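Accompanying notes for the structure given below.
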There are 2 protein chains.
Amino acid sequence: MHEGVFRALADPTRRRILELLKAGPMTAGEIAAHFPSRQPTISRHLGVLKQAGLVFDERQGQYVIYHLNATVLQSWLQWLWDRWGGDHNT
Amino acid sequence: MHEGVFRALADPTRRRILELLKAGPMTAGEIAAHFPSRQPTISRHLGVLKQAGLVFDERQGQYVIYHLNATVLQSWLQWLWDRWGGDHNT
DNA sequence: TTGAGGTTTAGCAAAAAGGCTATATAATGT
DNA sequence: ACATTATATAGCCTTTTTGCTAAACCTCAA
């Protein structure tokens, strides 16, 4: 169920992308500008994140805006915690 | 810092190994017996988990007993939650 | 010291992941 | 229709990961 999430998070660049998006939505181009990798490379990372459900995109004119999918991230974290977390009472 | 953990958890077999060890320590052989893969293959997975700090081993005679390292797992989870978790008040 | 059981290491082949360039697609403005 | 900007896809190459077999390494018992 959360397999894609684990795989997606395995890459440091993808984790940094999520960190970026935590601050708010961003176009693909803006995201790419934060990394040394080429635009198509980042585009593919975004694809992996999207397929994992960690982000979603929204086309706005010629731009594609990426959003963090906090819900999926949260539910994954919850699932993790349930399985491996210790005594967090709630 | 937690890079090894992310990489280690990316593989489903390794995650299942951790699940197994949650129930208690186990010898390498016992662990391997739970999987279709060959024993050397599992041995290498154990090596990856060990390097990530997620398990530690203890030789007992000819056996090598693997333990889950709950501490490392916990601190990784904590770190995750601090970064991406929502409003868990504590 | 030899033998057997348990585990790891080496070395290889196949598959997956990541990066790049070139090209395609989408929307915009002229 | 055409050029321009933004993004995605294709195709290629290199590196990493994974699984296997064969061989080495440890420990125990005889």
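The values are calculated or read from the model by the stated rules, or taken from the named source; none is laboratory data. The shown structure was predicted, so the numbers you read here are calculated from the model rather than taken from an experiment. So basically every Cβ, Gly included, is an ideal-geometry build from the backbone, and we count neighbours across all protein chains shown.
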Go through segment A:40-90 and give me each residue that's under 25 Å from B:Gln78 (Cα atoms) and of a type in the set (S, T, N, Q). A:Asn69, A:Thr71, A:Gln74, A:Ser75, A:Gln78, A:Asn89, A:Thr90
Just the residues that are loosely packed, with under 13 Cβ neighbours inside 10 Å and either more than 7 Å from DNA strand C (Cβ to nearest atom) or closer than 18 Å to B:Ala8 by Cβ (or both), please, taken from segment B:56-72. B:Glu58, B:Arg59, B:Gln60, B:Gly61, B:Thr71
Considering residues of segment A:14-35 that are free of Cβ contacts under 8 Å to residues at least 12 places away in the same chain and surrounded by 15 or more Cβ atoms within 10 Å (Cβ to Cβ) only, the residue farthest from DNA strand D (Cβ to nearest atom): A:Arg15
Just one listed residue, out of A:Gly53, A:Gly29, A:Gly4, A:Gly85, is of a type in the set (Gly, Ala, Ser), under 21 Å from B:Pro12 (Cβ atoms) and within 15 Å of DNA strand C (Cβ to nearest atom), and it is A:Gly4
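Which one of these is within 11 Å of another protein chain (Cβ to nearest Cβ), within 15 Å of DNA strand D (Cβ to nearest atom) and at pLDDT 95 or above: B:Val64, B:Val48, B:Val5?
B:Val5
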Top-ranked residue of segment A:73-85 - restricted to ones that are more than 7 Å from every other protein chain (Cβ to nearest Cβ) and surrounded by fewer than 17 Cβ atoms within 10 Å (Cβ to Cβ), ranked as farthest from B:Lys22 (Cα to Cα): A:Ser75
Of the residues A:Ile17, A:Ile31, only one is within 13 Å of A:Ile65 (Cβ to Cβ) and out of contact with any Asp or Glu (no Cβ under 6 Å at 6 or more places or on another chain); which? A:Ile31
Residues in segment B:14-45 that are under 19 Å from A:His2 (Cα atoms) and away from every other protein chain (no Cβ under 12 Å) total 2
If A:Gly85 satisfies all but one of (1) modelled with pLDDT of 95 or more; (2) in contact with a helix residue (DSSP H, G or I) (Cβ under 6 Å, 6 or more places away or on another chain), what's the number of the condition it fails? (1)
